[in-house]
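Only one structure is covered here, and it is reproduced in the block below.
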Amino acid sequence: MKYILPRLLIVVLFVSCYKDQSIFIPDQTYTINNDLFLSRFIAAPTSYLVNLQLGKTIVHTSENMIVEIPYEGLIDQQGEVVEGEIKIEIKNFSDKTYNLLRSPRLVYENQLIFCKKMFYISLSQNGQTIFAKNLFLYI
Amino acid sequence: MKDVNENTNGNSQLFSSSDITNNTNWHTENNDNFEIKAQNWSISNAESVISFYGYKISIGDNNNWYCISDKLSGESPKNQQISVSFDAIINHHNTIAYFVSDHYNTVVKLEDNDKNRRFNLTFASLKEPISGKIILLSQLGDEIYHFGMTNVVLGKDETINVKSEPKDIKDIKAILTSL
């Protein structure tokens, strides 16, 4: 009888060791940055450096969109016409469904928006945002 | 998925926005005289001529985001809602939830409801139910990802539970790519 308890303890110890496993307890305050998080899955817009022509400037993107910039079609933040090299960041978000995860919510006044085409475009020169006075995009 | 080459001309609407916050303020042209349609275009400068079939959009007003969609009804019908519950291991800080339609090109980020641990989507009543998936993307720490996905029918289901499990980022990307 005096050996039963020690033997039982050994069995319990063995069983508990056998079921040894790590338990992951997440930090409940860990907060993700949505845009940084989504950038792991969805590529950012593509950048194009473009020299504005004296006439019309045409940029044909790798995603088969065309940007048409008429002469003097862009202005800076002071309202002056932009000349020289500019940067166009552009992406077609509608060619693959999962790209839309990184787009604005497709809801307007609670109505679901069924998207045929969705794109993002941003224009800058030397790091400063510039604006379209007269610019067309074909998609 | 609906495509520009389908015969949906005359039934399109243009939305534009300058931001991408949770409450994106889409602007749209509600004027019946404003028409946007796909057609053949000839684009030329001194160096080249390009023929292109698609939509031509005038860019302006400091907007960065543009969306061409089926024309909305303009009515204000009754709202419906779907409420999504989830595992205790994830929360609103480490998770983003979406509805992804199976047959339409639409994806909607769900809204947080921190009080009752739910993600919600409120939407105007649909002409017919829309099948799709609820997706939960979670990051619980450095390189620790969880993923959950469950079928759902908007306009029919009102509450749904989505189970999440640990997944490698490559596996998550593969699933998203297949949507």
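Before moving on, here are some points about what is shown:
- With K and R counted +1 and D and E -1, the other residues having a Cβ less than 9 Å from that of B:Y98 yield a net charge of +2.
- Simple point charges give the picture: +1 on the Cβ of Lys and Arg, -1 on the Cβ of Asp and Glu, and for the protein assembly as shown a dipole about the Cα centre of about 1300 debye.
- Accessible heavy-atom area order of B:S16, B:S42, highest first, probe of 1.4 Å: B:S42, B:S16
- Scalar couplings 3J(HN,Hα) for region A:112-127, obtained by applying the Karplus form with A = 6.51, B = -1.76, C = 1.60 to θ = phi - 60°, are 5, 9, 9, 7, 8, 9, 9, 9, 10, 9, 9, 10, 8, 9, 6, x Hz; x denotes Gly and Pro.
- Ranked packing of B:143-149, A:124-130, most packed first, by mean Cβ within 10 Å: B:143-149, A:124-130
- A:T31-B:E29 FRET efficiency (beta carbon distance; Förster radius 45 Å; 0.05 resolution): 0.75
- Peptide B:102-111 has a mean of 6 when you count, residue by residue, the C-beta atoms of other protein chains within 10 Å of its C-beta.
- Entry note, chain A: relative contact order of 25 percent, from Cα contacts under 8 Å with a spacing of 6+ residues.
- Counts of other chain beta carbons within 10 angstrom of each beta carbon in peptide B:129-139 average 2.
- Cβ-derived FRET efficiency at R0 51 Å, B:D102 paired with B:S42, nearest 0.05: 0.85
- Residues along region B:157-179 losing 50 Å² or more of accessible surface when the other protein chains are present rather than the chain by itself (probe 1.4 Å): B:K173, B:L176
- Shielding value for A:122-131 is 1, the average number of Cβ atoms from other chains within 10 Å of each residue's Cβ.
- Placed amide H near A:F114: partners under 5 Å, 5+ positions off or other chain: B:D70
- Using the Cβ of A:S124 as centre and a radius below 9 Å, the other residues enclosed give a net charge of 0, where K and R count +1 and D and E count -1.
- Taking amide hydrogens as placed 1.01 Å from N in the peptide plane, the amide H of B:E29 sits under 5 Å from those of B:L14, each at least 5 positions away in sequence or on another chain.
- Portion, in percent, of the accessible area of chain B that falls on carbon or sulfur, probe 1.4 Å: 42
- Here's how it looks for B:I50: its modeled amide H is under 5 Å from those of B:I43, B:S44, which are all 5 or more places away or on a different chain.
- For chain B, averaging the sequence separation of C-alpha pairs within contact (under 8 Å, six or more residues apart) and dividing by the residue count gives a relative contact order of 18 percent.
- Cα extents for region B:79-178 along the principal axes, largest to smallest and rounded to whole angstrom: 43, 33, 16.
- Computed with the Debye formula from one identical point scatterer per Cα of the protein assembly as shown, without solvent, the log10 of I(q)/I(0) at q = 0.06, 0.08, 0.12 Å⁻¹ comes to -0.28, -0.46, -0.90.
The values are calculated or read from the model by the stated rules, or taken from the named source; none is laboratory data. Everything numeric here is computed off the predicted structure, so don't read it as measured data. Here Cβ is always computed from backbone atoms with ideal geometry, including for glycine, and neighbour counts include all displayed protein chains. Only protein heavy atoms, including side chains, enter the accessible area calculation; ligands, DNA and RNA are left aside. Shrake-Rupley method; radii C 1.70, N 1.55, O 1.52, S 1.80 Å.
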